[in-house]
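Contents: one structure, followed by commentary.
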Amino acid sequence: VQAGVITLARSAPPPSQPAAAIGAQFGDELLLVGYDVTQNGSTPVLHNGRYLLAQPGDRLAYTLAWNGADTAQVNYHSFLHLLNHEQQAVAQSDQLPGPVFSPPRLWQPFYPEPDRHELVIPDGAPGGVYTPATGLYRYDGQERLAARSSAGGDLGSQATLGPVKVVGKVTAQSQKTLRVGFGDVAELLGYTLDAPAALAPGASFTVTLFYQANGPAPLDYTQFLHLYDPALGMATQRDQQPLNGGNPTTAWVQ
């Protein structure tokens, strides 16, 4: 016997997943699923398959996707900071994430909540690789939530997004011309030496090297600068990736 007819509405489509997955857990309360990013309103193109290539003045709009938990008790604030190689913020965005009607305390575990931040690369930003870093903190006291990776590794108090290679304007000129090639990676065009007239033990000096890259290198090479005398040996040396790791050769642009 048919008692009646029940009409079921079509279920809502599953929420779209962000283009870049992160999977960072903040405390026991919130999960950063991933993010999407646009550059000046368009989809950015990755340089060497890794770096978002940008210039001073570019606008990078990030949409973070968060999952909540039933245990969330605080409407945490989120931040997105663009850090240089010295871990200093050159651009930043801090806000109460999510729509006004859906703050973090109301977030659910199954549907990602969007959190939109815009970063503007400042005019005059030096060339190099910058790191977007994000996290959550209590507004009262500014205490950040501890973060861990999907594998359980300690991330400190922030998760990092894909690196941004900024191509800054070069205005300085080398004092001395060299034009020495280093394989297929780059050509050393010259250098500038800033040193006192007479060097003494304990004194310091600065050498600025000018390279013309042939494009991104296949790996991050270490650069060395040695002060050497054949009779007396090595006086001092500096071995590091370019810009103390802030401009690795895999990010170089032709």
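The values are calculated or read from the model by the stated rules, or taken from the named source; none is laboratory data. Predicted, not measured: the structure shown is a model, and the values here were computed from it. We place every Cβ from the backbone using ideal geometry, glycine too, and count neighbours over all the protein chains shown. Heavy atoms of the whole protein, side chains included, go into the accessibility calculation; ligands, DNA and RNA do not. Shrake-Rupley method; radii C 1.70, N 1.55, O 1.52, S 1.80 Å.
What to note about this one:
- In units of the compact-protein estimate 2.2 N^0.38 Å, the chain shows a Cα radius of gyration of 1.36.
- Sequence-distant residues sharing a close amide H with residue 58 (under 5 Å, placed H): 121
- In Å², nearest 10: area of residue 45 left accessible to a 1.4 Å probe: 110 Å²
- Overall Cα dimensions of the range 18-141, principal axis frame, Å, largest first: 43, 31, 23
- Test item: Cα-centred dipole of the chain, Lys/Arg +1 and Asp/Glu -1 on Cβ, debye: 380 debye
- Of the residues 176, 169, the one with the largest accessible area comes first in the ranking 169, 176, computed with a 1.4 Å probe on protein heavy atoms.
- Placed amide H near residue 241: partners under 5 Å, 5+ positions off or other chain: 223
- Average accessible surface area per residue within the range 101-191, 1.4 Å rolling probe, Å²: 60 Å²
- Residue 204 contributes an accessible area of around 90 Å² to the protein surface, as traced by a 1.4 Å probe with all chains present.
- Debye log10 I(q)/I(0) at q = 0.22, 0.26 Å⁻¹ for the range 80-160, Cα point scatterers: -1.22, -1.36
- Other residues lying with their Cβ under 15 Å from the Cβ of residue 126 contribute a combined charge of -1, Lys and Arg counting +1, Asp and Glu -1.
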